[in-house]
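Written below as C-alpha cells is the structure these notes are about.
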Amino acid sequence: MSPGGNVYQDVLESRTAFSDYDIVSTETEVRNSSFRKSTAVGGGKPGMASNSAVHELLECPVCLNIMYRPIHQCPNGHTICLNCKTKVHNCCPICRQELGNIRCVALEKVAELLELPCQYQFLGCQDIFPYHSRLRHEQNCRFRPYNCPYAGAECSVMGNIRSLVIHLKDVHNVDMHDGCTFNHRYVKSNPREVENATWMLTVFNCFGHQFCLHFEAFNIGMSPVYMAFLRFMGDDHEAKKFSYSLEVCGNGRKLTWQGVPRSIRDSHKTVRDSLDGLVIQRKLALFFSGDGQELKLKIAGRIWKEQL
Ligand SMILES: [Zn+2]
Ligand SMILES: [Zn+2]
Ligand SMILES: [Zn+2]
Ligand SMILES: [Zn+2]
C-alpha cells in the first residue's frame, strides 16, 4: 500500500464552553511510513550512577551502563561490559589491544559490596539498591521511561509523560484536545481496501492526564473489523481510576462500549490483540455509515473518574 494512495478524513468535533467547532485534519493518513529512529528524550544520562570514583569505575566506557558480571578487561586493564565486548569485535576501545578473555574479578567483587541508585534517578527515582537487586527493580521501576504511544510508526522514542506529550505534538503532529467528552468521525472512501490501517491518534487532556484514542482496521480471522480504544498515558494503577465509554450510532442503531483505559505500558498491539475496546464488524460499520459504500463512523466518547 503506497503512502498517500488513500485519502482519510478524520473529523473531530470538540465540545467547548464557547462554541461547537469542527476540526478537519488534512494530514490524517494510514501510517506505513517509518519515522526516524531517535534516542531517549527527557534529558539525563542513562546509567550514570553517581560521582563516586568506584561507581565511575563500574561504568562501561562504551555503553555507559553499570557493568554486571562478567566484567572483562584488556591486557592493559581497561574494562568493558560483556555486551560491548562483542560489539567492539574484541578490540579494546581505549588502547586498541585485543581483549581476549580476561575477567576483572577484583572489580566484580568490589561491585557486589556496592549500593547503587536506580538508573532512572534522572527521571525522579530516589531509591538505592544493592548491586544485584538493582536490575530487577529497574525492570519495574515506576519512573522507567514510557515508549512513544504513537502506533504503527515503529517510533523508538522513550521518555517521561511530559516529554512524550511534547514529542507527540512536535514530531507526530498529533491533535491534542482538552475535555472529557468528544465526537469523532472516521471517514474512508473505499473501506474495502483497508487492511491493517491505523488512523491518526488523538490525545485528550482531562483530569490532569492524557488519554490516547486509537482507531484501526484489521482482520480477526477472515472478518474485517474496526476497533476504537483508549490508552492512558501513565501507569496501570492510575489508569484503573478511570472509565470511558464509546458509542457509535447511525441509521437508527447504536452500539456502546464501556471500558477501562489501558496504560501505555501495554503496547498498542497488546491492547488491540486483546480486543479490549469497541469492536465493530465491517458489515455493521458500513450499515452505521448509511449507504454502505463509504465508511463514515461517528463515535462519541466520554472519560470519567471512578469514585474510589
Ligand atoms: Zn557496555
Ligand atoms: Zn585497553
Ligand atoms: Zn527506580
Ligand atoms: Zn514517537
In square nanometres, what is the average projected area of the Cα convex hull of the range 208-248?
3.9
Distance in nm between pseudo-label sites at Phe207 and Asp273 (7 Å out along the Cβ direction from Cα)
2.8
FRET efficiency for Glu56 and Asn196, Cβ-Cβ distance as r, R0 = 35 Å, nearest 0.05?
0.15
Just grab the label-to-label distance for Met176 and Thr86, each label 7 Å out from Cα along the Cβ direction, in nm (one decimal).
4.0
Based on alpha-carbon centroids, what's the gap between the range 181-213 and the range 154-175 in Å, whole number please?
16
Mind checking which lysines have their Cα closer than 16 Å to the Cα of Lys305? Skip sequence neighbours fewer than 8 apart in that chain.
Lys240, Lys241
Rounded to the nearest 20 debye, what is the charge dipole size of the range 248-308 about its Cα centre when +1 sits on each Lys and Arg Cβ and -1 on each Asp and Glu Cβ?
60
When the label point is put 7 Å from the Cα of Asp235 along its Cα-to-beta-carbon vector, which residues of the range 110-140 have a backbone N closer than 19 Å?
117-130, 133-140
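Tell me, in nm to one decimal, what length is gained between Ile166 and Phe287 on full extension, where the rule is 0.36 nm per residue of separation less the Cα-Cα distance?
Length gained between Ile166 and Phe287: 39.7 nm.
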Taking just the alpha carbons, could you work out the radius of gyration and Dmax for the range 243-283, both in angstroms?
12.0, 38
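From the gyration tensor of the Cα coordinates in the range 53-140, what semi-axes in whole Å does the equivalent ellipsoid have, largest first, with each one equal to sqrt(5λ)? Intermediate values should be presented prior to the final figure.
On the way: eigenvalues 127, 35, 22 Å².
For the range 53-140, the ellipsoid semi-axes come out as 25, 13, 10 Å.
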Given a cut-off of under 8 Å on Cα pairs at least six residues apart, what relative contact order in percent is computed for the range 53-140?
21
Taking a straight Cα-to-Cα line shorter than 29 Å from Lys283, and setting aside same-chain lysines fewer than 8 residues away, one finds Lys188, Lys254, Lys269, Lys296, Lys298
For the range 159-271, state what percent of all Cα-Cα pairs lands in each successive 10 Å bin, counting from 0 Å until the bin that includes the largest distance.
12, 43, 35, 11, 0
Report the extension gain between Gln307 and Gln97 in nm, rounded to one decimal, defined as 0.36 nm multiplied by the number of residues separating them, less their alpha carbon distance.
69.2 nm
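No value in this document is a laboratory result; all are computed from the given coordinates. If you're wondering where the values come from, they're calculated on a predicted model, not measured in any experiment. For neighbour counting, all protein chains shown are included, and Cβ atoms are generated from backbone atoms with ideal geometry for every residue, glycine included.
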